[in-house]
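A short write-up of the structure that comes next.
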Amino acid sequence: METLTAIRWSLGLNVARGAYEMLGALKLRDTWAYCGWQDIRLRYRRSILGPWWLTASTAVTIGVLGVLWSQIFQLDIQEYLPFYAIGYVVWTWFAAQINDACSGFTQFEHIIKQTRLPYPTYLLRLAMRNLLILGHHAVVVVAVLMLCHVGWHAVSWLSIVGLALVTLVSVLLSIVVAICCARYRDLPPVVGSLLQVMFFLTPILWQPGALRSYAWVVNVNPLFHWIEVIRLPLLGRWPDATSYGWTAGSIVVLGLSALWLLGRQRDRIAYWM
Amino acid sequence: MASVDADRIVVEFPLYNVAHRSFKQQLLQSATGGRIGQRGEITVVRALDQVSFRLKPGDRLGLWGHNGSGKTTLLRAIAGVYRPVTGRLDVTGRIASLIDLNLGMDGEASGIENIRLRGVLLGLSRRESDRLIDDVAEFTELGDFLSMPVRTYSTGMHMRLGFAISTAIDADIVLMDEWLSVGDADFQKRAQDRLTHFLARSKILVLASHSEQLLKDMCTRMIHLEHGRIQAAWEQTPAQAPVATEPGRAGEIGQAPVATEPGRAGEPGQAPVPSSVGWAG
């Protein structure tokens, strides 16, 4: 009984410490927002196209593979292309954030060793950077939607709510990934391969109905639900309540793990650099 | 109110080998652990060992010791980077760390952008960071160069910028690793003036150095560190009597004879030492 109380206390204490750290980072809005924005500006400086270069390659991928897959799956291109384009762009953004998070602390070693900023600040900087790139890629989605005559409906506004929720998910997951990868240096490739596998396992290329008897694989994949709350409203449909349930649940679980891990390890991160 | 209160602080660095840094190895070891008995403890290096001191406004603490004696680690601990494993370290007041003048600088970004970057990294808002620009521009005399990428700067220009930004924001506690000295002879004098005023506005200085002479000149208190332990600590009257700094007397500062020390001459980036430094406690 006593050990149980002790465990509960230490859990609570670490989560509280983590929350304090997180709040500190959120307060430094100008720090991560400016740094993230500056990162993108520098990309423009290196090449005139800047992030548009990535957007162009995304557009080509979506255009070519969209046509290819719609032929293979024998789906109407007007139907398939918007589905694929939204899923692919959202995935590219999310995967980039998690990949960046693998070096979320190590790439800022020179700052971490000199000054004490709340650690989530670094991940919020990455989130800012990746959201700005997503803003570029969104142009491809808009073009595809217009090309395929998918209009903007009242329900489409929900995609913005969805994006906000998934951004929160991505930041929380980034905290967990960044701390683990700072401690164990062989983890980043593992995270990379996992993302790769999840790309194929999640209905991005193929539609959720395609699995028939294995439909449960889709339903227990949180990534599917995270994408759905952004994708379906843009296609003019209401997402399932279960998708919101999974997303909210992920936020709670990831939030608690991230804060707990942060509270527990924040004083050690500098030592791992 | 500014204070630094260290009570028997210990800072230890874990020395991870490849296996310790490997998730796979850790996983395998936890599966086979005990039987093979290779779970070996992680070696730790004790960088600071039971260090205690208490600083109040007006204190100028000199940390003296050889390479690896724990000076920089102690500065970083005060800056909040390394949290002591045991012991208590309370720091109140705004800290300025002059350990690395190039903190957060980006070669691709322009001088002005770098000023903003540093500002926000030190916790200023965007607007507050913008206010630093005029001061830095005036002092560095970099003119149009400020809108060029920093990578196009000469080493001297680069150092000027870093120095000017680092000393642009007033702080209660200043942490310095060796005395700063930047630029050509003409600029050096202005840099020393600026540093003097910067320090005069602060309340506590912690200055780490190899050079006992420098610290004798500058500091009111001394700590001699060896292998992370305090060998000796004493109070002293700085050889160069503290001058009460007032704006009107700026001209006098820096005219005292320059103390040069042979031992430091050979070190890269460490040009001759200080002119007289004044401080108001």
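Quick note: the coordinates plus some simple rules give every number you see, no bench work behind them. These figures come from a predicted structure and were not determined experimentally. Methodologically, a virtual Cβ is constructed for each residue, glycine included, from the backbone with ideal geometry; neighbour enumeration extends over all protein chains shown.
Select from chain A the helices, each a whole stretch of DSSP H, whose alpha-carbon atoms run 20 Å or more along the helix axis and whose Kyte-Doolittle mean is at least 0.5; answer none if there are none.
Values: long enough: A:2-27 (37 Å, 0.30); A:29-46 (26 Å, -1.44); A:52-72 (29 Å, 1.23); A:77-102 (37 Å, 0.58); A:120-147 (40 Å, 1.51); A:158-183 (38 Å, 2.46); A:187-201 (21 Å, 1.83); A:241-265 (35 Å, 0.83).
Qualifying helices: A:52-72, A:77-102, A:120-147, A:158-183, A:187-201, A:241-265.
If each of A:Ser57 and A:Ser10 carries a label point 7 Å out from its Cα toward its Cβ, how far apart are those two points in nm?
Roughly 4.6 nm, to one decimal.
Taking the Cα-to-Cβ direction at A:Leu147 and at B:His227 and moving 7 Å from each Cα, how far apart do the two end points lie in nm?
Taking the two extended label points, one gets 7.1 nm.
Run lengths n ≥ 4 of DSSP H only: what is the helix-derived mean residue ellipticity at 222 nm for chain A, with -39500 (n - 2.57) per run over all residues, to the nearest 500?
Numbers: 12 runs with 211 residues, N = 273.
Calculated from helices alone, the mean residue ellipticity at 222 nm is -26000 deg cm²/dmol.
With the crude spin-label approximation of a point 7 Å out along Cα→Cβ, what separation in nm comes out for B:Arg201 versus A:Arg29?
Calculated label separation equals 2.7 nm.
Pick from A:His153, A:His136, A:His225 the residue whose mean-square fluctuation is largest in a GNM of chain A, springs joining Cα atoms under 10 Å.
A:His153
So if I place +1 on the C-beta of Lys and Arg and -1 on the C-beta of Asp and Glu, and nothing else carries charge, what would the dipole magnitude of the protein assembly as shown be about its Cα centre? I want it in debye, nearest 20.
Numbers: 51 positive and 45 negative charges, 240 e Å.
That gives the protein assembly as shown a dipole magnitude of about 1160 debye.
On a 28 Å Cα-Cα criterion, which of the cross-link pairs A:Lys27/A:Lys113; B:Lys56/B:Lys216; B:Lys24/B:Lys71; A:Lys113/B:Lys203; B:Lys71/B:Lys216 come out too long? Provide the component values of the computation, followed by the final result.
Details: A:Lys27/A:Lys113 21 Å; B:Lys56/B:Lys216 19 Å; B:Lys24/B:Lys71 36 Å; A:Lys113/B:Lys203 24 Å; B:Lys71/B:Lys216 16 Å.
From the list (A:Lys27/A:Lys113; B:Lys56/B:Lys216; B:Lys24/B:Lys71; A:Lys113/B:Lys203; B:Lys71/B:Lys216), the Cα-Cα distance tops 28 Å for B:Lys24/B:Lys71.
Quick check on the protein assembly as shown: take the gyration tensor over C-alpha atoms, sort the square-rooted eigenvalues as a ≥ b ≥ c, and tell me if it's rounded (a/c under 1.5), prolate or oblate.
Working: a/c = 2.70, a/b = 1.72, b/c = 1.57.
In terms of gyration-tensor shape, prolate.
Once you keep just the Cα pairs under 8 angstrom separated by 6 or more residues, what percentage relative contact order results for chain A? The partial results should precede the final answer.
Working: 305 pairs, mean separation 87.1, N = 273.
Reported as a whole number, the value is 32 percent.
Assigning unit charges at the beta carbon (Lys, Arg +1; Asp, Glu -1) and nothing else, what dipole magnitude in debye, to the nearest 20, does region A:54-139 show about its Cα centre?
Details: 4 positive and 4 negative charges, 101 e Å.
Roughly 480 debye, rounded to the nearest 20.
Name the residue farthest towards the positive end of the dipole of chain A from the options A:Trp52, A:Val150, A:Tyr122, assuming +1 on Cβ of Lys and Arg, -1 on Cβ of Asp and Glu, about the Cα centre.
My answer, from the dipole projection, is A:Tyr122.
Set Lys and Arg Cβ to +1 and Asp and Glu Cβ to -1, take the dipole of the protein assembly as shown about its Cα centre, and tell me which of A:Met273, B:Thr92, A:Ala210 lies farthest positive.
Result: A:Ala210, furthest along the dipole toward the positive end.
Considering only DSSP beta bridges whose two residues both sit in the protein assembly as shown, what percent are antiparallel, to the nearest 5?
Roughly 55 percent of the DSSP beta bridges within the protein assembly as shown come out antiparallel.
Name the residue, out of A:Ala95, A:Ala56, A:Ala127, whose mean-square fluctuation peaks in a Gaussian network model built on chain A with Cα pairs under 10 Å.
Highest fluctuation of the listed residues: A:Ala56.
For the residues A:Cys181, A:Cys35, what sequence is obtained by ranking on other C-beta atoms within 10 Å, fewest first?
Details: A:Cys181 22, A:Cys35 25.
Least crowded to most crowded, the residues run A:Cys181, A:Cys35.
With +1 on the Cβ of every Lys and Arg and -1 on the Cβ of every Asp and Glu, and nothing else charged, how large is the dipole of chain A about its Cα centre, in debye rounded to the nearest 20?
On the way: 20 positive and 12 negative charges, 167 e Å.
For chain A, the charge dipole is close to 800 debye.
With springs connecting C-alpha atoms under 10 Å apart, model chain A as a Gaussian network and identify which of A:Gly66, A:Gly263, A:Gly209 has the largest mean-square fluctuation.
Fluctuation is largest for A:Gly209.
Under the rule of at least 5 residues apart or a separate chain, name every residue whose amide H is placed under 5 Å from the amide H of B:Leu48.
Amide H neighbours of B:Leu48, under 5 Å, 5+ apart: B:Val11.
Grab the beta carbon distance between B:Ala185 and A:Glu109, set R0 = 22 Å, and tell me the FRET efficiency rounded to 0.05. Provide the component values of the computation, followed by the final result.
Values: r = 35 Å, r/R0 = 1.61.
Between B:Ala185 and A:Glu109 the formula returns 0.05.
Any idea what the relative contact order of region B:86-138 is, in percent, if you count C-alpha pairs under 8 Å spaced at least 6 apart?
Numbers: 27 pairs, mean separation 12.5, N = 53.
Rounded, it is 24 percent for region B:86-138.
Provide B:Lys189, B:Lys203, B:Lys24 in ascending order of the number of other Cβ atoms located within 10 Å of each residue's Cβ, fewest first. Please list the in-between numbers first.
On the way: B:Lys189 16, B:Lys203 22, B:Lys24 12.
Arranged by neighbour count, lowest to highest, B:Lys189, B:Lys203, B:Lys24 become B:Lys24, B:Lys189, B:Lys203.
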